[in-house]
Amino acid sequence: MRKVIVLSSFFCLLAIGSVSAQTRWNAQYQQYIDQWHSVAIDQMNRYRIPASITLAQGLLESGAGQSTLARKGNNHFGIKCHNDWTGATIHRDDDATGECFRSYRNAYDSYEDHSRFLVDGRRYRSLFSLQLTDYKGWARGLKAAGYATNPKYADRLIEIIEVYRLYEYDKGKHNAGSVSSPDLDIYEFNDNLYVIARRGDTFRTLADETGISYRKLAKYNERDKNDQLQEGEIVWLKKKARKAPKEYKNRPHIVQAGESMYSIAQYYGIRLERLYKMNDLTPDYNIRVGDQLKLR
């Protein structure tokens, strides 16, 4: 079983050379890292792409999840359609007017497709001979292979990695608890363990793999035991916490398109009723894009 630990947030400003003045720590970038670094580590363990590179590209290409492509098409890596794409599309101006970009059901699918795009792309093949810790080589190799036209693309990736110390995530694996399964990736966050639902997963199938009863899994996730799970969903393996980790004390969650109170509670491993209570909201309140929610 592969297990990884959620590392603590990095609140720092570092001088990293002549270009570092362009990149400064900000809460929106850190929130994106907190949300997606476990997925990036999972992708690294499966496809041998440094987690630091995946996160830096996601941050840069999607503007920390705020770009139109990310908000409307769940495209976090700026991948264009190309001739072999048969999925949904979204059109935006880029190097030319109205270019075709890939669109995904959710951001997790975008992360998966980014990995497959690099693994299957002949022009990126040489990158996989590099060490996972060689983020500079990967950044320069991506630019040389033509991933982006910006001449400063590699420099920007390296800046982001060093300011946010994303190289820490390239260390990879960590024992996260006592749950055991040979095929299931288990992650840790907020003093809890979770898995990411795969296609066809149910509470019953996850119960078979984790040794936790399907009734308990459903209860921990505040769901009915017979509910259908969607690919990419977070499924917690223990009862969720009353609030987010202490580093979120003065860092509210900014509601994005498509989010619900339940999905936000799941992201942070918080009990849904506590999320409502912390924000003086009732279950009939309809959150809006841009709302700021306290997490502890």
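The residues of region 236-282 that are more than 24 Å from T202 (Cβ to Cβ) and either small (G, A, S) or assigned to a strand (DSSP E or B) (or both), listed by number, are A241, A244, H253, I254, A257. Quick one: count up the residues across region 237-296 that are open to solvent by 60 Å² or more (accessible area, probe 1.4 Å), among the aromatic types (F, W, Y) and free of Cβ contacts under 8 Å to residues at least 40 places away in the same chain. Residues in region 237-296 being open to solvent by 60 Å² or more (accessible area, probe 1.4 Å), among the aromatic types (F, W, Y) and free of Cβ contacts under 8 Å to residues at least 40 places away in the same chain: 1 in total. In region 197-211, the qualifying residues are those that are in a loop (DSSP other than H, G, I, E, B) and open to solvent by less than 30 Å² (accessible area, probe 1.4 Å), and the one that is farthest from N106 (Cα to Cα) is D201.
Being of a type in the set (D, E) and either outside any loop (DSSP other than H, G, I, E, B) or open to solvent by 90 Å² or more (accessible area, probe 1.4 Å) (or both) is the filter; apply it to region 87-96 and report the residue that is modelled with the lowest pLDDT. Step by step, filter region 87-96, then rank; the result is D95. Within region 102-127, if we keep just the residues that are within 15 Å of G58 (Cα to Cα) and among the hydrophobic types (A, V, I, L, M, F, W, C), the residue that is surrounded by the fewest Cβ atoms within 10 Å (Cβ to Cβ) turns out to be F117. Scan region 268-285 residue by residue and report those that are farther than 23 Å from I196 by Cα and in contact with a strand residue (DSSP E or B) (Cβ under 6 Å, 6 or more places away or on another chain). Selection gives N279 alone.
Quick check on my filter: what residues within region 128-146 are touching a residue at least 60 places away in the same chain (Cβ under 8 Å) and either open to solvent by less than 50 Å² (accessible area, probe 1.4 Å) or of a type in the set (A, V, I, L, M, F, W, C) (or both)? Those that are touching a residue at least 60 places away in the same chain (Cβ under 8 Å) and either open to solvent by less than 50 Å² (accessible area, probe 1.4 Å) or of a type in the set (A, V, I, L, M, F, W, C) (or both): F128, L132, Y135, W138, A139, L142. Here region 36-56 is the region considered, the condition is being open to solvent by 10 Å² or more (accessible area, probe 1.4 Å) and either polar (S, T, N, Q) or not in a helix (DSSP H, G or I) (or both), and the residue that is farthest from Q131 (Cα to Cα) is N45. Restricted to region 117-127, and to residues there that are touching a residue at least 40 places away in the same chain (Cβ under 8 Å) and out of contact with any Leu (no Cβ under 8 Å at 6 or more places or on another chain), the residue that is farthest from M44 (Cα to Cα) is F117.
Determine whether Q292 is within 18 Å of the chain's Cα centre (by Cα) and modelled with pLDDT of 90 or more. Considered against the rule, which asks whether it is within 18 Å of the chain's Cα centre (by Cα) and modelled with pLDDT of 90 or more, Q292 comes out as no.
Is at least one residue of region 94-102 over 19 Å from Q35 (Cβ atoms), touching a Gly at 6+ places or on another chain (Cβ under 7 Å), touching a residue at least 24 places away in the same chain (Cβ under 8 Å) and not aliphatic (A, V, I, L, M)? Yes: region 94-102 contains one or more residues that are over 19 Å from Q35 (Cβ atoms), touching a Gly at 6+ places or on another chain (Cβ under 7 Å), touching a residue at least 24 places away in the same chain (Cβ under 8 Å) and not aliphatic (A, V, I, L, M).
Counting only residues that are in a loop (DSSP other than H, G, I, E, B) and in contact with a helix residue (DSSP H, G or I) (Cβ under 7 Å, 6 or more places away or on another chain), which one in region 283-296 is farthest from Y248 (Cα to Cα)? Among residues in region 283-296 that are in a loop (DSSP other than H, G, I, E, B) and in contact with a helix residue (DSSP H, G or I) (Cβ under 7 Å, 6 or more places away or on another chain), the one farthest from Y248 (Cα to Cα) is P283. For region 169-194, the candidate set comprises residues that are closer than 18 Å to L55 by Cβ and modelled with pLDDT of 75 or more; within that set, the residue that is most open to solvent (accessible area, probe 1.4 Å) is K171. When we screen I16, I33 for residues that are open to solvent by 40 Å² or more (accessible area, probe 1.4 Å) and either modelled with pLDDT of 85 or more or in contact with an Asp or Glu (Cβ under 9 Å, 6 or more places away or on another chain) (or both), the only hit is I16. Can you confirm whether region 66-86 contains a residue that is touching a His at 6+ places or on another chain (Cβ under 9 Å), in a loop (DSSP other than H, G, I, E, B), surrounded by 21 or more Cβ atoms within 10 Å (Cβ to Cβ) and in contact (Cβ under 8 Å) with a residue 60 or more places away in the chain? The answer is no; no qualifying residue exists. Note on region 45-65: residues that are aliphatic (A, V, I, L, M) and more than 12 Å from the chain's Cα centre (by Cα) total 3.
The values are calculated or read from the model by the stated rules, or taken from the named source; none is laboratory data. This structure is a prediction, so every number in the text was calculated from the model and none was measured. Here Cβ is always computed from backbone atoms with ideal geometry, including for glycine, and neighbour counts include all displayed protein chains. Note: areas computed on protein heavy atoms with side chains; ligands, DNA, RNA excluded. Shrake-Rupley method; radii C 1.70, N 1.55, O 1.52, S 1.80 Å.
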